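Read through the structure below, which is laid out as structure tokens, and then see the notes.
The values are calculated or read from the model by the stated rules, or taken from the named source; none is laboratory data. Because the structure is a prediction, the values reported are computed rather than measured. Glycine also receives a Cβ, built like all others from the backbone with ideal geometry; neighbour counts cover every protein chain displayed.
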Amino acid sequence: MSILVPSKLLTAFLPPVTAFRPVEGRKYTLKYSDSTGQLFLTIGSNYDGGTNQSFRDEVLAEWVHRMGEYSLVGRVHVSGDEFDKNYAKIRYAIFQKDINLALQAMVYGDQAFYTNFPWLLDAPIYIRFESVFPEFNQVLYYGTPRQFMASRSIKETIQ
């Protein structure tokens, strides 16, 4: 799935987090159902730890304040000791392919938040690919929320 279909994105807020507050401690959990093609975005002060076997691995992100600036910092689990190097390489390639869609869903699903904090539209986004294999264990820059908000890969049709 590489095009965000808004009707396939379900967003839930876990209190005390709302569509408008807070920035500090705001965490995102994005899960994808292979069986339905739905994206499930949970926004809360903790990551959504609920598990369901129909989901593949989630993308986690949170707003981090360092040295007077905010960044959206995310992570994906590529491999630990549970996968061999070849399988880790496949997982890494899949995450590389799907991370833009995941970030687009996070930004699109939380767009009301940016009306109160418009300066966060220009905050950097970093994703950590976590792996026991050094070639897959890296932090990469993915632009800003503004770039994902303005993305042309959102399918604006009613389904």
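Values for this structure:
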item: Contacts under 6 angstrom Cβ, first residue in the stretch 81-103 being within 25 Å of Gln147 (Cβ to Cβ), partner at pLDDT below 90 and of a type in the set (Gly, Ala, Ser), 6 or more apart; result: Leu101/Ser2
item: Among the candidates Ala88, Ala61, residue that is modelled with pLDDT of 95 or more, surrounded by 13 or more Cβ atoms within 10 Å (Cβ to Cβ) and under 19 Å from Phe129 (Cβ atoms); result: Ala61
item: Any hit, the stretch 101-121, residues being exposed (fewer than 13 other Cβ atoms within 10 Å of the Cβ) and charged (D, E, K, R); result: no
item: Given (1) under 22 Å from Thr144 (Cα atoms); (2) within 15 Å of the chain's Cα centre (by Cα), number of the condition Asp48 does not satisfy; result: (1)
